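For reference, the structure is listed below as structure tokens.
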Amino acid sequence: KMLSATTEAQKVEISQRIQETICEDRISALPDDLLVRILLFIPTKDVAATMILSKRWRIIWTMVPRLEFKDIETSTNGEHEISVWGFLEKFLRLHKAPSLESLRIQLGQNCPTDVDVTKWVSNAVDGNVRKLLFDLRWSAKPVSMPNSLYTCKTLIELELSNKILLDVPSSVCLPSVTTLYLWKVLYKDEASFVKLLSSCPVLKNLDVIRCSEDDDNVKRCTVKVPSLKKFSYFSNRSSSLGNDVADDIAGSVVLDCPALKHLCLFDTSRDSYCIGNMPYIVEANITIFGSPNNNFLRYLSAATTLYLELNHRMAVMCKPDNFSQLVDLLIRPDDTDWLEQLMLLLKNNPKLKSLRISSDFKNVPQKWNKPDHVPECLASHLELFEISYKGKKEEQEFVAYILANTKYLKEAKIFLDSKNGNKQKKMREELNSMFKVSPSCRLVIINEQDRFMSFFNTP
């Protein structure tokens, strides 16, 4: 009996130990710095909720160095949710981290228009913020940033979007900013844009979007940044306005960035372009409908990768001496005489390995004159060829020429631009019957609907 009682007591003790182990708060036993690191993986609102756990947690949650506040426009049932602005203001007031690594604020229509938005930015600057992303989409007029933002020495990345007015003071100095995003913001004047860029001596990445329906007060967009490595520019200001208004706001874009390696320009406005020499350019993605300066393509001649909207303004600049370092070429013809201009580009590009031609317009080349000499790239380097194919006579001759003269071609991918089954069958027969000089060439014929996945998946 005593043995049985002992056994029962042991069972109870073991059960209690198991229960204690299950209920043990092991997380709270961790050191403060590790707890802060764990909280980095939790949404900011949930981080703040941990304050109710214990007195210790009331301090821990205020030490998290990365914060994100995103205003939810509507709930799942379509009703408006309460904006995060009230929570945000309290959170920033209680925040005690010695350095604010990142602060992301996105406020939508729910945010009251009388809140002190600049106070939040000032608090972030006082907290030695390194990365600030502020997106304001409320219905009120654009709001100015505090002057302290323009002299923040710790700031490395700055992203400003939508209802923000940049009134840049003469005292502006951002010595550490390497990445700058200006998306659909309003500038007090042209000088504010210029001063902001010139105040960033180590700026490497710049992304500018101008597509609001209103004038942003910048007529001459001047980007003169000696340290800049990557520049992306998107503008459709004129395309969203009437022709009369578009003519009034038509301006110019001036680029003087000698260290630039990556350039992306997409501009449907009528702005003119003037760029300086870019001897270190590696990749250029150009779609512009304005007027480029005469040396536009020549100053991009060091590029190894080029995506080009080949319209009539660009076509006249195609010279045999352009792009001698080019390896990957993607063109989107926007003119009927593009074949002649393309052959000029190929004439002196001995290193070209990939040639892609994407076309979704209805016109086809009006003429095709077979060159007297086979371009060196076809004879010695080209490995990949892709084209959107409508089966017209000029296209047949061009594709046949490529297949017959590209000795090291590994793959030719043809996208049939026709929904007619009989026509597709005829085009397939024509393509399969063409002579291929490269014994290792694989001919791939695909329907049009699969074209975009390939053309925009650049290797």
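Looking only at region 261-302, residues that are more than 22 Å from Q325 (Cα to Cα) and in a loop (DSSP other than H, G, I, E, B) come to 7 in all. Of the residues examined, L352 is not one that is part of a helix (DSSP H, G or I) and buried (at least 20 other Cβ atoms within 10 Å of the Cβ).
Of all residue pairs spaced 6 or more apart or on separate chains, those with beta-carbon atoms under 7 Å, a first member in region 226-244 that is assigned by TED's automatic domain parsing to the domain that holds L265 and under 12 Å from S269 (Cα atoms) and a second member that is assigned to a helix (DSSP H, G or I) and modelled with pLDDT under 95 are R237/I249; S238/A246; S238/I249.
For L329, the test of being outside any loop (DSSP other than H, G, I, E, B) and over 27 Å from C221 (Cα atoms) is passed. Please find, within region 383-442, the residue that is farthest from D372 (Cα to Cα) out of those that are in a loop (DSSP other than H, G, I, E, B) and of a type in the set (V, I, T). Residue satisfying both the conditions and the ranking: V437. A124 meets the stated requirement of being assigned to a helix (DSSP H, G or I) and of a type in the set (A, V, I, L, M, F, W, C). Note on region 243-260: among residues that are in a loop (DSSP other than H, G, I, E, B) and small (G, A, S), the one that is modelled with the lowest pLDDT is A250. Of the residues making up region 92-119, those that are crowded, with 16+ Cβ neighbours inside 10 Å and either under 26 Å from the mean Cα position of the chain (by Cα) or closer than 21 Å to K188 by Cα (or both) are L100, E101, S102, L103, R104, I105, Q106, L107, G108, V117.
Rundown of residues vs (1) of a type in the set (A, V, I, L, M); (2) touching a Ser or Thr at 6+ places or on another chain (Cβ under 9 Å); (3) in the same structural domain as C221 (by TED's automatic domain parsing), yes/no style:
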{"residue": "T151", "(1), (2), (3)": "no, yes, no"}
{"residue": "I156", "(1), (2), (3)": "yes, yes, no"}
{"residue": "L160", "(1), (2), (3)": "yes, no, no"}
{"residue": "I164", "(1), (2), (3)": "yes, yes, no"}
{"residue": "S170", "(1), (2), (3)": "no, no, no"}
{"residue": "L174", "(1), (2), (3)": "yes, yes, no"}
{"residue": "V177", "(1), (2), (3)": "yes, yes, no"}
{"residue": "K184", "(1), (2), (3)": "no, yes, no"}
{"residue": "Y187", "(1), (2), (3)": "no, no, no"}
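Restricting S240, S232, S212 to residues that are at pLDDT below 95 and under 19 Å from the mean Cα position of the chain (by Cα) narrows the list to S212. Restricting L384, L342 to those that are aliphatic (A, V, I, L, M) and at pLDDT below 85 reduces the list to L342.
The values are calculated or read from the model by the stated rules, or taken from the named source; none is laboratory data. Because the structure is predicted, anything quoted here is derived from the model rather than measured. Here Cβ is always computed from backbone atoms with ideal geometry, including for glycine, and neighbour counts include all displayed protein chains.
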